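Written out below as structure tokens is the structure these notes cover.
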Amino acid sequence: MKYMKNTTCALLLVALAGGCTTDNGNYEYTRLNTIEIDGFAADTTYRVDQFDTLVIDPAPRFAAGPLTDLSHEWKINHEVISTAPVLRAPVTLAPNTGTAYYEAGLRVTDNATGLKYYKNFKVIVTTSITTGLFILSERADETARLSFQRRDKPGGTLVHDLFEEANPAFGPLGKKPRQVYYSGLLGAELGVLCGEGERQLSILNPATLALQRSLSGETIRGGYDGDFTPERLTLYMGGMIVGGGKLYNYNYMGNKAIYRPVPVDEDAYDFAGWAETNMTIDAYAWMTYDNKSEQFLQLEPGTDPLLYDKITPLTVEGDLSTAGQRFLAGGTGGTSAYTEVRAILYNSAERKAYLYGITIVDDFDPVTWEIIINMTVTRLGEHANLVDERSVCFYNAEYWYLATGNTVKRLHEKGSAPLDWFTAPRGEVTAMTVDKSGPAAKRLLVATRDGAKSYIHVIDIATGKSLEPPLEMDGKIVSLLAKGTWKY
């Protein structure tokens, strides 16, 4: 039996060997249509500004003729951003400050064979928010919305929901937005002030908009547990927050803390929503207006350098009365020596506006070297039927821009005849600013609201004429911030 098995195996091997020797090579082989992509070398690095569109147009080559049934998948930072053959995708990733670049790649698939080709590259995202217009608006549910349009090149896209894009884990900024602000002194700070919410003062990274710190009524130092409803913040080396008739010191340069309102007696004063200082002499003293006593006040640190509880009433030169006058608007930027502060007070019974200039000069005691601040209030003029309590007013370089309804008037601080400067075709004015503080400003930015939409009009400072079609957006615009030196 063993002999027969061996014989059978031997014959089988011979048969197989014979089959191989008679193979004439008549099999047909299909050449695999491999894919190569020209247009960018290995590890190519692309630079794109945040919120701009990244465009890459690859040039595929095929070993055995063109293919038409292909799929494409573009990824940046492991997220699919496009499935089109040519990449045209807006990049919203945060600028590369903590990382050198983002990993990116293209995958091309031959759907007929399943063959895949991978191309890796790098993307560096740079900030696009150094020069442009920040817009703070209020949604229908009263939450804050931060938007931006770059103004260092033409055709800048109006980008919305910046805070949510940069901080997806935190939700909206806050409620009842009041102000977007910027300070570039000794540690730049970009912030948003809201009247309500978990984050009433949100301090953002000026390049990435990442939330760096948030402050609210619960964080106020100095033993205060009352209401905190901030309306306006002014920064220089120090800071002041005004809201709800109270004044709070914001220690911007030190521990970035908010200190209790002064004075502690909540019924003593009704501070107007405004406090200013002379930026050339540091924030050793501030001035404000008290709607309760109807007088200007000078504020300086008392026994505690962090609390401006030394309060001195100021009188108007010539003993002119401010009785019956309530604060309407304030501004900075006077061109006279040391004259930096301006204010408009309004007497509703008289329907009359009063314009004031405040000179703030510094001196020192030669014995104690103590800083001495002197403030002088001068009435610059008065005008009947010019504004009312609902007016939006903005001051820049000797001129007031006064908006009531949809009409903006321009008034020299010492002039007698206001000019009709601009009439908005839709809605009422809700906010104003200029593209650059001082005489070099070229554009007045006017925000209006018609009940359904908001519009931003770009007006020539020299002529009062519109320079471009208005920007259009949802929500009510409450604050505008022009940042950087505009080219367009």
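The values are calculated or read from the model by the stated rules, or taken from the named source; none is laboratory data. None of the values given here were measured: they were computed from a predicted structure. Here Cβ is always computed from backbone atoms with ideal geometry, including for glycine, and neighbour counts include all displayed protein chains.
Once segment 236-259 is narrowed to residues that are small (G, A, S) and without any contact (Cβ under 8 Å) to a residue 40 or more places away in the chain, the residue that is surrounded by the fewest Cβ atoms within 10 Å (Cβ to Cβ) is G254. Of the set (1) surrounded by 17 or more Cβ atoms within 10 Å (Cβ to Cβ); (2) farther than 29 Å from L320 by Cβ; (3) among the acidic types (D, E), all apply to D450 but (1).
A Cβ distance below 9 Å, combined with a sequence gap of six or more or placement on separate chains, defines the contacts here; from segment 425-440, residues that are more than 19 Å from A397 (Cβ to Cβ) reach residues that are in a loop (DSSP other than H, G, I, E, B) and among the acidic types (D, E) in the pairs R426/D450; G427/D450; E428/D450. When segment 416-430 is filtered for residues that are of a type outside the set (S, T, N, Q) and not in a loop (DSSP other than H, G, I, E, B), the ones remaining, listed by number, are L419, D420, W421, F422, E428, V429. Residues that are part of a loop (DSSP other than H, G, I, E, B) and either in contact with a strand residue (DSSP E or B) (Cβ under 7 Å, 6 or more places away or on another chain) or touching a residue at least 24 places away in the same chain (Cβ under 8 Å) (or both) were ranked within segment 341-385; the one that is nearest to F327 (Cα to Cα) is S348. Summed over segment 363-374, residues that are within 19 Å of R342 (Cβ to Cβ) and either charged (D, E, K, R) or modelled with pLDDT of 95 or more (or both) total 0.
One line per residue, one yes/no per condition, for (1) under 22 Å from the mean Cα position of the chain (by Cα); (2) surrounded by 16 or more Cβ atoms within 10 Å (Cβ to Cβ); (3) modelled with pLDDT of 85 or more; (4) not in a loop (DSSP other than H, G, I, E, B):
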{"residue": "T208", "(1), (2), (3), (4)": "yes, yes, yes, no"}
{"residue": "E218", "(1), (2), (3), (4)": "no, no, yes, yes"}
{"residue": "G226", "(1), (2), (3), (4)": "no, no, yes, no"}
{"residue": "L233", "(1), (2), (3), (4)": "yes, yes, yes, yes"}
{"residue": "P261", "(1), (2), (3), (4)": "no, yes, yes, no"}
{"residue": "D267", "(1), (2), (3), (4)": "no, no, no, no"}
{"residue": "A272", "(1), (2), (3), (4)": "no, yes, yes, yes"}
{"residue": "T288", "(1), (2), (3), (4)": "no, yes, yes, yes"}
{"residue": "T303", "(1), (2), (3), (4)": "no, no, no, no"}
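One residue alone among V377, V392 is under 17 Å from T277 (Cβ atoms), out of contact with any Asp or Glu (no Cβ under 6 Å at 6 or more places or on another chain) and modelled with pLDDT of 85 or more, and that residue is V377. Among the conditions (1) surrounded by fewer than 12 Cβ atoms within 10 Å (Cβ to Cβ); (2) within 30 Å of T131 (Cα to Cα); (3) modelled with pLDDT of 85 or more, T83 misses just one, which is (2).
Condition first: of a type in the set (G, A, S) and at positive phi. Can you find one or more residues in segment 245-255 that meet it? Yes: one or more hits. Contact annotation: no residue pair with Cβ atoms under 9 Å, 6 or more positions apart or on different chains, pairs a residue in segment 389-403 that is under 20 Å from G324 (Cα atoms) with a partner that is charged (D, E, K, R) and in a loop (DSSP other than H, G, I, E, B). Just one of (1) within 28 Å of Y182 (Cα to Cα); (2) among the hydroxyl-bearing types (S, T, Y); (3) surrounded by 14 or more Cβ atoms within 10 Å (Cβ to Cβ) fails for T485. It is (3). Within segment 161-180, the set of residues being touching a Leu at 6+ places or on another chain (Cβ under 6 Å) and either on the phi > 0 side of the Ramachandran plot or part of a strand (DSSP E or B) (or both) comprises P177, R178, Q179, V180. For segment 180-235, a tally of residues being under 23 Å from A285 (Cα atoms), among the small types (G, A, S) and in contact with an Asp or Glu (Cβ under 7 Å, 6 or more places away or on another chain) returns 1.
Which of the residues that make up segment 181-199 are of a type in the set (D, E, K, R) and part of a strand (DSSP E or B)? Correct list: E189, E196. Of all residues in segment 104-136, those satisfying the criterion of being assigned to a strand (DSSP E or B) and touching a Pro at 6+ places or on another chain (Cβ under 7 Å) are L106, V108, V125, T126, L136. Filtered by the rule that a residue be of a type in the set (A, V, I, L, M, F, W, C), part of a loop (DSSP other than H, G, I, E, B) and surrounded by 15 or more Cβ atoms within 10 Å (Cβ to Cβ), segment 454-482 gives a lone residue, I461. Cβ-Cβ contacts under 8 Å between residues 6 or more apart (or on different chains), taken from a first residue in segment 30-53 that is in a loop (DSSP other than H, G, I, E, B) to a second residue that is at pLDDT 65 or above and of a type in the set (D, E), are listed as N33/D110; G39/D57.
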